[in-house]
1. As a test of the formula, what do you get for the chain when each DSSP H run with n ≥ 4 contributes -39,500 (n - 2.57) and the sum is divided by the residue count, at 222 nm and rounded to the nearest 500 deg cm²/dmol?
2. Only bridges whose two residues both fall in segment 2-147 count here: according to DSSP, what percent of them are antiparallel, nearest 5?
3. I want the antiparallel fraction of DSSP beta bridges within the chain, as a percent rounded to 5.
4. Using the Cα gyration tensor of segment 23-82, with a ≥ b ≥ c the square roots of its eigenvalues, what is the shape: rounded (a/c below 1.5), prolate (a/b larger than b/c) or oblate (neither)?
5. Quick check on the chain: take the gyration tensor over C-alpha atoms, sort the square-rooted eigenvalues as a ≥ b ≥ c, and tell me if it's rounded (a/c under 1.5), prolate or oblate.
6. Can you work out the PRE-style zone for residue 57? Point 7 Å along Cα to Cβ, and I want the residues of segment 88-123 with backbone N under 20 Å.
7. How much of the DSSP beta bridge set in segment 77-206 is antiparallel, as a percent to the nearest 5?
8. Kindly identify segment 420-478 as rounded, prolate or oblate by the Cα gyration tensor criterion: order the square roots of the eigenvalues as a ≥ b ≥ c, call it rounded if a/c is under 1.5, otherwise compare a/b with b/c, prolate if a/b is larger, else oblate.
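Taken together, the values in this text are just the output of simple stated rules run on the coordinates, not laboratory data. This one's a predicted model, so the numbers in the text were calculated from it and none came from an experiment. Cβ: placed from backbone, ideal geometry, glycine included. Neighbour counts: every protein chain shown.
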Ligand code: SAH
Ligand code: F3S
C-alpha cells in the first residue's frame, strides 16, 4: 500500500492510501455516524482488491458510492440532493459512471431505491459489503444489483481497512455492529441489524498495525460499546447457551479496553458510544487504571424526564443515570462527559422539557449533540405515538437546550485557562493557517501556534484563552508521551 499526500488537500495534511497498479477510480463519500466513515474504509479495502483506487474528483470516477444515513429525515434529504448531483454529472460529462447506495438508507428503502432513483445501479446494505464485487459484475452485465441481507455474524474482522482521507494520526476501529436496544425513536436496529461483536484478536492486530504505521490515537466504535462480548462468535443474546469454556474465556468491554491499552501503551484510546443502561463501573475502573485510555465518555441520555425515558424504551431512570454520572465523577474526577438529547419526542410536555434542562444543570456536560425529534418510518414511536409536538415547539426547546449546553461548555473550556494540557496534533486549524489543531485527553479541541511541532506529535500546551468550544494556547514543549 502506497501512502501519498493528496495535493488538493495538502493544507489539511490528508493522506491517501492507494495501491500501485490499480486503474479504476472510486469516489466514495460518507454521511452520518463514525461507523459509516469506518465502513467506507472497509468498502474501499474490498474494492482495492478489485482494481479501484480512490479519487477526490467526482467527475472522472468510474464508480461513485454514497454511504448513507437514515437517523433523521434531514440526513436522508441530504443524500437525495447528492444523488441529483451525481445524476447531472452522469448525464452531462460521464455517462459510464456507475452509482451505488450503501448504508442505512439502502437497508431501509431496499429495492424502492432502484425504482425511485433511476440513476442508482447498485444498492448494498451494511452487512453485504463483501458481495460488492459480485454485484458490480451484475451491473457490468447491465442489470441493477441489490443485496440488503442483514447478517448475524458479519463483523468484517478479517478486512484491513484502507484509511480514507486520513490525517495519518487518528483512526476508527470498529468493535461491534448492530444494536439490540430498540429505543423507540431509533431506526438503527432496523438498518444495522442484530448486535454482534468482533474477535478481540483481530481488533488488537488492527491497533498494532495502526501503531506501526504511525497512528497515535484510535477510537473503538460501536452503537453500544458497553455491550461488547466476544465468546468465539455468535449473538450476545445466545451467550446463555455458550459452553463453560466459552464463558470462562469471554472478553467483555472492560477487558477489551484493558487488552487494547496494554497492547499499545503509548496509543491514545477512545471509545464511542456508551449506553447508560449497559455501562458498568468496571469500564470506568479500567479507564482509571490505564493512562492511555482517554478521560472522556460520550453518554447519551436523550431526555431528563422519567416518563419520556420510558416512552423511549431507554432502560434506565433519571436517578440511575445520575448515579452512574456521580460514580464516574468519583472514580475519574478529570473525566469529561458529553450527551445526545432529543427535544420534542411525542407527548413531551413543558415539564418534561424542564426536566431535561435540570438534568443538564446537574451533570454539566462538556459538550453535546442535540436534535429535534424526527419521526422514522417503522420505529415503535412511529407506530404507537402521534408526532404531536409542533415543529416550532421542538425547535424552541432545542434552542434552549443548545443555549444551556453552550453556557456549560464555555464554563468547561474557561476552567482550563492557566493550565497545561497534552495535545495530539491532528491538522491545521484551518487550511493554510499558522496554527495547529488537536484534542486533549478530555476530547476538548485545542488550537495553538505551529512553532517547531509537527502533525502526530504530543505537545504540552499552556491554555491562555478559550471560546465556547475551543481551548487556545501556547506550546511549551514536547510531552513525555512522544
Ligand atoms: N448508540 C448510537 C446512537 C445512534 S443515533 C451511537 O453510537 O451514537 C445518534 C443520536 O441520534 C442518538 O443518540 C439520538 O440522540 C439521535 N437520534 C436518533 N434517532 C433520532 C430521531 N428519530 N430523531 C432525532 N434524533 C435522533
Ligand atoms: Fe439507537 Fe438506542 Fe441503539 S439510540 S443505536 S436503538 S442504543
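1. Numbers: 15 runs with 161 residues, N = 482.
It comes out at -10000 deg cm²/dmol, rounded to the nearest 500.
2. So the antiparallel bridges in segment 2-147 amount to around 15 percent.
3. About 40 percent, rounded to the nearest 5.
4. Values: a/c = 3.41, a/b = 1.63, b/c = 2.09.
Oblate shape, in that a/c is at least 1.5 and b/c is the bigger or equal ratio.
5. Rounded is the answer for the chain, as its axis ratio a/c remains below 1.5.
6. 88-99
7. 25 percent
8. Values: a/c = 1.37, a/b = 1.11, b/c = 1.23.
Rounded, since a/c falls under 1.5.
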